[in-house]
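Here's the structure we're looking at; comments come further down.
Coordinate-derived values only; no laboratory data. Worth saying up front: this structure is predicted, and the values here are computed from it rather than measured. Note that each Cβ is placed from the backbone with ideal geometry, even for glycine, and that neighbours are counted across all protein chains shown.
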Amino acid sequence: MVNTTKDTDIEEIIQGCRNHDNGMQTKLYYLYYPVIYNTVARYITDDGEKEDVLQETFIKVFNRISQLKDTQLLVPWMSRIAVNLCMDKIKKIKKLHLSFDLYLTNRSDGFEMEEEDLEEDDVAAITMEDVNEILNQLPNGFRTVFMLYAIENYSHKEIAQCIGTSESNSKTQYMRAKIAIKNLVKQKLECKRMK
């Protein structure tokens, strides 16, 4: 989706939201719903829970938009709110398990802890659809820590605070997620070569 809204229009929409103008809030919602939906979908898989987090995100955005100092940072600011709400939801439903030692050591599908480099040509064969499929195969803890660190640019200290673990555990989970992703990419490439 190409955003054809001009900066002056965004300023007007934000100002309208600050003035609690329902029409401007609706415009902001429809303009940024796809972006925030994609952010939430990286962490929450259940459709009902996704919608809950989306609704909570926009409520917080509308309630706190007067706190936004730089309107150029609207999207990262809204995304941060969405990610924080996702972390709250994950903690609440207790689906985040950060200990995956059994997952790593008792796999019968060839999963190995060795980190091997992939060739550039191989990586070029991976599509965005493949990437999403690979990320969805990761256990929730791996995926969450990986997404927070690699995509959302959270520090390991921030991740530890968000999900209630230690900084070293966050680093370990990130490292293990990277290894798991590389192994899943290798499996995906092998499947593509066989076709």
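Data overview
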| quantity | calculated |
| --- | --- |
| Fewest-first sequence of F142, F58 by Cβ atoms within 10 Å of each Cβ | F58, F142 |
| Residue exposure sequence - V75, V61, V83 - by fewest surrounding Cβ within 10 Å | V75, V61, V83 |
| Kirkwood-based Rg to Rh ratio, region 7-93, C-alpha trace | 0.98 |
